[in-house]
């Protein structure tokens with residue numbers, strides 16, 4: 001295990017204890033909340049490197065629709081040369097039909113020229129599933145049909161029908177933080193060998209009313225990557241987060 005992954009594992013284990021010690025009484029979810037995170041690492045002298053990252057997340061809990069949106073950006077330079085650059089964005093709307101089943105539609109955009117992707121767009125529609133609802137653990141699922149459009153840095157692009165199979169687990173630490181685990185599988189219905197998977201772990205703990213520390217690990221696997229590129233990409237992040245939320249609670253379902 002590399003030192004970076006070992007550090008992430010230690011922090012993920014330690015976060016629940018730090019957050020639990022600060023946990024205030026549970027309160028209903030707000031009508032909306034949003035957060036912005038940023039990170040920076042730089043060196044100069046014998047080496048000249050800079051690594052910057054930013055992420056954004058917002059949630060709107062209406063009477064009918066729940067709207068989620070996220071965006072992340074990572075850029076690394078070494079000796080005035082860009083060595084990594086990745087942008088991700090997602091927008092999803094969900095509407096409950098019953099206590100368990102709901103409608104779900106989303107759009108995901110991705111740009112990672114170092115993985116051969118100039119632009120990837122996945123538009124999906126299907127069902128959401130509230131699989132487990134407990135005070136200490138929630139588990140949600142998404143099953144959807146989607147259209148995957150890829151513009152590649154080399155060779156022809158792709159336009160394939162795909163599926164979206166996702167599980168999202170959340171373990172709250174009172175009101176001071178949470179840990180999430182996400183697994184997403186994209187089967188390709190036109191070329192079965194071109195499936196992709198993603199696994200993501202995040203942990204966030206409050207340091208003040210509007211300030212938090214967030215760490216995350218994202219693993220992406222493409223079984224049939226763009227020719228000349230590797231199948232697996234890993235991203236480890238640690239960032240300081242500013243948070244805001246509405247003073248009014250979300251409407252009761």
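The values are calculated or read from the model by the stated rules, or taken from the named source; none is laboratory data. Predicted, not measured: the structure shown is a model, and the values here were computed from it. Note that we place each Cβ from the backbone using ideal geometry, even for glycine, and neighbour counts take in every protein chain shown.
To keep it simple, each residue is scored yes or no on (1) at positive phi; (2) at pLDDT below 95; (3) touching a helix residue (DSSP H, G or I) at 6+ places or on another chain (Cβ under 6 Å).
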| site | (1), (2), (3) |
| --- | --- |
| 166 | no, no, no |
| 178 | no, yes, no |
| 182 | no, no, no |
| 192 | no, no, no |
| 195 | no, no, no |
| 217 | no, no, yes |
| 225 | no, no, no |
| 247 | no, yes, no |
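Testing residue 156 on (1) loosely packed, with under 13 Cβ neighbours inside 10 Å; (2) in contact (Cβ under 8 Å) with a residue 12 or more places away in the chain; (3) over 30 Å from residue 242 (Cβ atoms), one condition comes back false. Which one is that?
Exception for residue 156: condition (2).
Inside the range 121-208, counting only strands (runs of 3 or more DSSP E) that do not spill past its ends, which hold 2 or more residues that are more than 17 Å from the chain's Cα centre (by Cα) and within 29 Å of residue 37 (Cα to Cα)?
Of the strands (runs of 3 or more DSSP E) lying wholly inside the range 121-208, those with at least 2 residues that are more than 17 Å from the chain's Cα centre (by Cα) and within 29 Å of residue 37 (Cα to Cα) span 137-152, 196-208.
Pairs needed: first member in the range 121-147, buried (at least 17 other Cβ atoms within 10 Å of the Cβ); second member anywhere, modelled with pLDDT of 95 or more and not in a strand (DSSP E or B); C-beta distance under 6 Å; at least 6 residues apart or different chains.
none
Taking the condition of being at pLDDT below 95 and either more than 26 Å from residue 135 (Cα to Cα) or in contact with a helix residue (DSSP H, G or I) (Cβ under 7 Å, 6 or more places away or on another chain) (or both), how many residues in the range 27-51 meet it?
Residues in the range 27-51 being at pLDDT below 95 and either more than 26 Å from residue 135 (Cα to Cα) or in contact with a helix residue (DSSP H, G or I) (Cβ under 7 Å, 6 or more places away or on another chain) (or both): 13 in total.
Residue 177 passes all but one of (1) farther than 21 Å from residue 240 by Cβ; (2) touching a strand residue (DSSP E or B) at 6+ places or on another chain (Cβ under 9 Å); which number fails?
(1)
State all residues of the range 58-77 that are surrounded by 16 or more Cβ atoms within 10 Å (Cβ to Cβ), over 17 Å from the mean Cα position of the chain (by Cα) and in contact (Cβ under 8 Å) with a residue 60 or more places away in the chain; if no residue qualifies, say none.
The one that is surrounded by 16 or more Cβ atoms within 10 Å (Cβ to Cβ), over 17 Å from the mean Cα position of the chain (by Cα) and in contact (Cβ under 8 Å) with a residue 60 or more places away in the chain: 61.
Would you please name the residue that is surrounded by the most Cβ atoms within 10 Å (Cβ to Cβ), looking only at residues in the range 185-201 that are touching a residue at least 40 places away in the same chain (Cβ under 8 Å) and closer than 19 Å to residue 123 by Cβ? Reasoning before the result, please.
Our first condition is that a residue be touching a residue at least 40 places away in the same chain (Cβ under 8 Å); within the range 185-201, this holds for 186, 188, 201.
Now restrict to residues that are closer than 19 Å to residue 123 by Cβ: 186, 188.
Values: 186: 21, 188: 18.
Of everything passing the filter in the range 185-201, 186 is surrounded by the most Cβ atoms within 10 Å (Cβ to Cβ).
Looking at the range 184-217, which of its residues are more than 30 Å from residue 244 (Cα to Cα) and out of contact with any strand residue (DSSP E or B) (no Cβ under 8 Å at 6 or more places or on another chain)?
192, 193
Taking the range 88-104, which residues are in a strand (DSSP E or B), free of Cβ contacts under 8 Å to residues at least 60 places away in the same chain and surrounded by fewer than 17 Cβ atoms within 10 Å (Cβ to Cβ)?
Passing the criteria: 89, 90, 91, 95, 101, 103.
Out of the range 218-248, which residues are in a strand (DSSP E or B) and either out of contact with any strand residue (DSSP E or B) (no Cβ under 6 Å at 6 or more places or on another chain) or within 24 Å of residue 162 (Cβ to Cβ) (or both)?
If the condition is that a residue be in a strand (DSSP E or B) and either out of contact with any strand residue (DSSP E or B) (no Cβ under 6 Å at 6 or more places or on another chain) or within 24 Å of residue 162 (Cβ to Cβ) (or both), then 218, 219, 220, 221, 222, 232, 233, 234, 235, 240 are the ones that fit.
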